[in-house]
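All remarks here apply to the structure that follows.
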Amino acid sequence: MNKLSVGLLSFLLLCSSLAGQSKYGNFKVSVYTRAYEVEKMKDLEWLDSTWNIIASQVKVDKIYLETHRDLLIVPESTIIQAKKYFEDRGIEVGGGITYTVNESNNFETFCYSNPEHRIKVREIAEHTAKFFDDFILDDFFFTNCKCDLCIKAKGKMSWTEYRTKLLAEAGESLVIKPAKKINPNVKVIIKYPNWYDHFQGLGFDLEHGPQLFDGMWTGTETRDPSGNQHLQAYLGYNIVRYFDNLRPGYNLGGWVDSGGSNMGMDRYAEQLWITLFAKAPEVTLFAYNQLIGVRLRDTHKTAWQGMGTSFDWEEMMEPVVVDGKTVQATTLARAAGITFEKVDKFMGELGNPVGIQSYKPYNSIGEDFLPNYLGMIALPMDMRPEFPVGQRVVLLTEQAKYDKELLKKIQAQLQGGGDVVITTGLLKAVPDIIAQIAELRCTDLKALVNDFGRYGVSDKDIIIPQVQYLTNDAWELASAGRPLTGGVSGYPMLTRAAYSKGNLYVLTIPDNMGDMYDLPEGILNAWRQVLCKGMGVRIEGPSNISLYLYDNGTFIVESFLDEPVTINVLTDQSTVKLRDLVDGSVINVNKPLDPPVSVMFRGAVAPTNTYKVTIMPHSYRAFRME
């Protein structure tokens, strides 16, 4: 049995042990409850009234009852009573732990160098294992402590080295083993947050952690991208796919909170459906208090409502009949409910996600979170912790510099007839390695550009690094200047160098990654043509569009723009129509592009068929290629 089959079998066994029949057809929905609300469940009247608010607006399969947060330990009698309440109503029940001392104090965690704290951590795990056969460690099982005990214990190690070792030891000796001693059947599951590129600095080790725990949950909450985490909406998809690749079969689902709903309830709905587009088998709604406390307000209704968007405010606000009673939408829970109902209608038709395989070595940093920005310009990402082999195209960002065998792997990919696309960040980080393929350079020199010649003009000035190359050993396929047309200098935006049977390409990434959204369509289309080779479908259009691909000829295009947009969908010529998975309508092929619009390739460019697709603001369309 191959590795993938073993992973799939393990996944099915784990899911069957943790799950029953879901109330939606293609995924499960669960609710996480903080210790603060669990403690209130000693009052059955409060519990019954609040649960009715949730259950009348969204179907829930499972609830997680937290036993500890901020030194509040929920009493045994309250846990037993709450657990029985939900089980009597056919709801599965699991446990949860948040290992914080004071979450409001800069997320103050336990100190795993402190003997007294270590005892408390073990006691909390033992307390929880008495009641549940599975429990989740909410995403604070890290350490940000720099007390004198930690400083002394760290010695000459880096903080990353010290903390990853410390948390691996603490996870096994203080949580997993004590819990399983109390309850041999218990499954200890770690919930990883959304800031994956920075995990190792606080003790999350993605090389060994997923192997240590019985499963993992994925933080897909992206909230407001202008917030202090600067997380792009596409991260909610990309991170699920990456965690699936860390340990196939053990990523149990995605996790979304109400953050970002201040931008409009569409933002909340987007986070939910993006999680499901990544084929997460379950979505956890964080948290009970938000589902009862975030009231639907007119300020949640966005300006583009009424255009036929995927999230429809008026449809959400219509009363529904539950158990013979008419229920009015009142809280965030109904936004989740209507989103799940609509997506569930076509999720079963999607295959397994596929995309451009991008290499992120374990615990690496550099050009942080760049693949999420690329996903926002319709480059479908598939991040991998091991160097991809046998691919038409492999994408390498600066993080690939952590691989000591990088040159050998690049050479093998090119000599096998595949292409390698690198970013300017990697070129600058490992110039000597790249020079063995082509003598390209990326120094500290910058250029201010806004004119991209035949590829269009930007409305704003953009700062880019300057890529330098040897004329006729490498070729500048797309350029930029200020101006470029009629100007005196140009700088590469896309560069190609031949090597053996393949091509090495360099993408010039703006200093501000968000400036990629201001690049003209022509530049984005050139990048898409290079990176989507072999994908079977790509788009032509502006930024703030995402493309999700599946291995059975289905795909989804999603717009994050505030106005309707019409794009070109390009497929190979074996596809002659696109069938909408939501309404069954058909889009027939336009006249094939002949000759195809192309950046300069070595060899012929495959002919394509094109389709005009219009997408409403903050909406998606799902298709099958026929």
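Quick note: the coordinates plus some simple rules give every number you see, no bench work behind them. Here the structure is a predicted model, which is why all the values come from computation and not from measurement. A quick note on method: Cβ atoms are made from the backbone with ideal geometry, for glycine too, and the neighbour counts reach across all protein chains shown.
Per-structure values
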item	result
Calculated FRET efficiency for the pair Ser585/Val327, C-beta based, R₀ 41 Å, to 0.05	0.80
Net lengthening on full extension, Ile80/Asn289 (0.36 nm per residue, minus Cα-Cα)	73.3 nm
Cα-based shape type of segment 97-240, given that a ≥ b ≥ c are square roots of the gyration tensor eigenvalues and the cut on a/c is 1.5	oblate
Sequence of Glu87, Glu103, Glu37 once ranked by neighbouring C-beta atoms within 10 Å, starting from the fewest	Glu87, Glu103, Glu37
Helical segments meeting 27 Å axial Cα length and Kyte-Doolittle 1.0 threshold in the chain (DSSP H)	none
Residue-wise HN-Hα coupling along segment 348-353, computed from phi with Karplus coefficients 6.51, -1.76, 1.60 (Hz; x: Gly, Pro)	x, 8, 7, x, 7, x
Signed unit charges on C-beta, dipole axis of segment 207-325, positive-most listed residue His300, Asn245, Leu285	Asn245
Cα gyration tensor shape of segment 435-543, rounded if a/c is under 1.5, else prolate or oblate by comparing a/b with b/c	oblate
Extended-chain gain in nm, criterion 0.36 nm per residue less alpha-carbon gap, Glu563 and Lys460	35.1 nm
Gain upon complete extension [Ala153, Glu108; 0.36 nm per residue less C-alpha separation]	14.3 nm
Relative exposure of Leu65, Leu166, Leu578, judged by other C-beta atoms within 10 Å (fewest first)	Leu166, Leu578, Leu65
The chain, relative contact order [Cα under 8 Å, separation at least 6], %	10 percent
Positive minus negative residues near Leu407 (Lys, Arg vs Asp, Glu; Cβ under 12 Å)	+1
Fewest-first ranking of Glu521, Glu439, Glu221, Glu66, using other Cβ atoms within 10 Å as the exposure measure	Glu439, Glu521, Glu221, Glu66
Among 620-626, 323-329, 560-566, the order from most to least packed when residues are scored by Cβ within 10 Å on average	620-626, 560-566, 323-329
